[in-house]
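Visitor: Take this structure first; my questions come after.
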Amino acid sequence: ASDGLEAGDLRRAIGHFAAPLVEELIAPKDVVALAGGRTIHELVHHLPTGRGKALMIVQAMGSVDSTVNAFDAQEVGRVMVQRLGGTFLALNTPAFLPEKRTRDALLKLPQVGNVHEQLGRAKVAVVGLGTLENSVFVERGVLQLDALAELRAAGAVGELCGRFIDADGRECVSPWRD
C-alpha cells in the first residue's frame, strides 16, 4: 500500500480521481478497449452517469476462467455501458489457450473476429497493470507455481491484459506469449 492506505482504499482513491480524467478522454461514439481488474472496477463505478456517449466498449482480452465476478471485463463493461451509454462486445474466449492452432481457429469465428476487428479501432484503452504476485491468473489458479517460476525466469515482473512484461515494460518471451 502507499502512504498507509490498504490496497482496497488505494484502488478506490485511484478510481475516484481517475474517473473524471478517463471520462474526458472518451469522446462520443468512440471505440474503447476495456480490461477487467479490481482498479478498473473502482474506476468504472466512479464514472458519471447519464452521459449518452453511444460508445462501443470492447473486451480487451479473453476470460480468466469460467466464473464471472464483479472485477471481470464482462461485468466492468456492463457497468461502463450503463454509466456512459453504448454497447458492450464480449470476447467469449479464454484468455489463455493450450495451443496456438486453437487460438487461430477461434479468431476465424465471426463473433470473435468482429471483436478483434473492433479492438483494432479503439481510440482509448482502459486497462490495468499488475504485478505477478497480484495477478488474477495466479489468484484464480490459472497459473500454477511452476508457470509463475517460468515467467519469473523469463524476466516477467507484471501483467497487462494477459501479456507478461519485464521491468522495462517489454513483453517477455514465454510459452504464454502466443
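Visitor: Exactly one condition in (1) more than 30 Å from R12 (Cα to Cα); (2) buried (at least 16 other Cβ atoms within 10 Å of the Cβ) is false for P175; which is it?
Guide: It is condition (2) that P175 fails.
Visitor: For R140, work out the one condition from (1) of a type in the set (D, E, K, R); (2) free of Cβ contacts under 8 Å to residues at least 60 places away in the same chain; (3) under 24 Å from A7 (Cβ atoms); (4) loosely packed, with under 15 Cβ neighbours inside 10 Å it doesn't fulfil.
Guide: Exception for R140: condition (2).
Visitor: V127 fails exactly one of the following numbered conditions: (1) open to solvent by 70 Å² or more (accessible area, probe 1.4 Å); (2) touching a residue at least 60 places away in the same chain (Cβ under 8 Å); (3) not small (G, A, S). What is the number of that condition?
Guide: (1)
Visitor: Hey, can you tell me all the residues within the stretch 48-59 that are assigned to a loop (DSSP other than H, G, I, E, B) and open to solvent by 30 Å² or more (accessible area, probe 1.4 Å)?
Guide: Residues satisfying the conditions are P48, T49, G50, R51, G52, A54.
Visitor: Which condition from (1) within 30 Å of V157 (Cβ to Cβ); (2) open to solvent by less than 60 Å² (accessible area, probe 1.4 Å); (3) in contact with a Lys or Arg (Cβ under 7 Å, 6 or more places away or on another chain) is the one that L84 breaks?
Guide: (1)
The values are calculated or read from the model by the stated rules, or taken from the named source; none is laboratory data. Here the structure is a predicted model, which means the values were calculated and not measured. Cβ coordinates were reconstructed from backbone atoms using ideal geometry, including for glycine residues, and neighbour counts include every protein chain displayed. The accessibility values were calculated without ligands, DNA or RNA, using every heavy atom of the protein model including side chains. Shrake-Rupley method; radii C 1.70, N 1.55, O 1.52, S 1.80 Å.
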